[in-house]
């Protein structure tokens, strides 16, 4: 059996009903040139080829998000090749997507990134998570390569001296809207407690942003850190009176924290968790998911006026066709590929320096929202997040008001309906 970073057998992706194809190499061509046996028939179709490559987490702690990210890349590549590929100045180029499993391991992500560069990828996509992205960026910087960051929101990713195109709202802005949202739910609320893993750069930056915003509004805001999920029950037990709770942990840590809150039956007014933005959160908590809030980089019900590319509804359908939940990790990977495609189509020569120059000059809107980066470090400055709340088994956008499809509701007496 092959492990993370090792090549796997090539299979016909379009014939597989499973959501995550277990292959490391995918050649994607227009569906009109694929027979029922999965063989390509290029009849009179002449095109060059452009290779996109990524380290993806198909196993390990980031597998949930990593598989969604891969689904987003595959959805984009399939849709692009269905119309003949990427339009260059002279001809069209079919997309070749190359990816390797990193097992959610930083060292493996670094090795995969080096391997992809050696394999000659023209567009280098980063992995999911700030932890792995930092490892990939370090390799890209050493080799002078441009890397597209769809999965690492930590501000520190963009301070490593490399050309990086950021897609996401940065970690320092993740929770800054929560205090205003919480006070809209209950203007009398005054105490906020924020949780994060002590070893997480992402968690620390997210919480720092929340603390600044909360204190500006007169809240008393404090933090609780842990180095293992085993410490979370004790931290929840120590909570006394608190109005608002935030957590910027891993999916597993946030679910653990939510379970503990439900068991403790604390009268919390509002609780926001990064993990609650994922559809899987509903299944992980069962009936207890109701009322939790979450920040989200994208939701399919947000439909901006796009300058180019598909609408949100089209992207959502394409991601769903890959057999995964339509969550933001898939959308942000799709957006990275779409923006890279646009830069290639606007560039005479497809080398990194020209693509980078085109990227930092862009100020545009796609299905994912506004795109504008700081040319000094590639940090995303134009994109803004939304806040959702689980209401009646669905994710409802409740903030900001211009995108809201529902009013934010007070968190019920936590656990009162749980046996």
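Remarks
- For residue 173, the conditions (1) within 24 Å of the chain's Cα centre (by Cα); (2) farther than 28 Å from residue 63 by Cα are fulfilled apart from (2).
- Condition check for residue 350: in the same structural domain as residue 311 (by TED's automatic domain parsing), modelled with pLDDT under 95 and under 30 Å from residue 94 (Cα atoms): yes
- Any chance residue 412 is at pLDDT 95 or above and either out of contact with any strand residue (DSSP E or B) (no Cβ under 6 Å at 6 or more places or on another chain) or farther than 25 Å from residue 259 by Cβ (or both): no
- Residue 176 over 22 Å from residue 102 (Cβ atoms), in contact with a helix residue (DSSP H, G or I) (Cβ under 9 Å, 6 or more places away or on another chain) and at pLDDT 95 or above: yes
- Residues in the range 244-296 that are assigned to a loop (DSSP other than H, G, I, E, B) and either over 23 Å from the mean Cα position of the chain (by Cα) or not assigned by TED's automatic domain parsing to the domain that holds residue 178 (or both): 265, 266, 267, 268, 269.
- Among the conditions (1) in a loop (DSSP other than H, G, I, E, B); (2) within 22 Å of residue 208 (Cα to Cα); (3) in contact with a helix residue (DSSP H, G or I) (Cβ under 9 Å, 6 or more places away or on another chain), the only one that residue 241 does not satisfy is (3).
- Among the residues of the range 223-238, those that are under 27 Å from the mean Cα position of the chain (by Cα) and outside any helix (DSSP H, G or I) comprise 223, 224, 225, 226, 227, 228.
- Counted as qualifying within the range 303-419 are the helices (runs of 4 or more DSSP H) with 2 or more residues that are within 19 Å of the chain's Cα centre (by Cα) and crowded, with 18+ Cβ neighbours inside 10 Å, namely 312-320, 328-345.
The values are calculated or read from the model by the stated rules, or taken from the named source; none is laboratory data. Keep in mind that this is a model prediction, so the values were computed, not measured. Heads up, the Cβs are rebuilt from the backbone with ideal geometry, glycines too, and the neighbour counts pull from every protein chain shown.
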